[in-house]
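Novice: Okay, handing you the structure first.
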């Protein structure tokens, strides 16, 4: 079976998705219900100073928010880190996830 082809993301579409799906709890400047997501891509999981993370995410603190890990998280936070406190079912559409990641990379 050939490897899956990586889907290129569109940051403009990702910005719209972020506003509709994520901005209720997240921003790029300050912590809210969720941590601020400024420079999240490539950063360590559960590493934003001043935010209180769940034990589930603290257990992944030795990993980085790679595009692959973000894709898994966005698809299903409950599967990526069982027991985390994020009340979000996930984004089923792979293209939408790629768009969100492209947007997050731009911030």
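Every number here is computed from the coordinates shown, using simple stated rules; none is lab data. The structure displayed is predicted, hence computed values, not measured ones. Neighbour counts run over all protein chains shown; Cβ positions are idealised from the backbone, glycine included.
Novice: Beta carbons within 10 angstrom, averaged per residue: use that to sort the peptides 69-77, 57-65, highest first. Could you put the intermediate results ahead of the total?
Specialist: Working: 69-77: 19.1, 57-65: 15.2.
Highest to lowest by the protection proxy: 69-77, 57-65.
Novice: Mind checking which of 67, 49, 15 has the largest fluctuation in a GNM of the chain, springs on alpha carbons under 10 Å?
Specialist: Highest fluctuation of the listed residues: 49.
Novice: Additional query: How big is the shadow of the Cα convex hull of segment 11-105, averaged over all directions, in nm²? Mind dumping the intermediate values first?
Specialist: On the way: hull surface 21.2 nm².
It is 5.3 nm².
Novice: Is the shape of segment 57-107 best called rounded, prolate or oblate, per the rule: a/c under 1.5 gives rounded, else a/b larger than b/c gives prolate, else oblate, with a ≥ b ≥ c the square roots of the Cα gyration tensor eigenvalues? Walk me through the intermediate numbers first.
Specialist: On the way: a/c = 2.16, a/b = 1.29, b/c = 1.67.
Note, shape of segment 57-107 comes out oblate.
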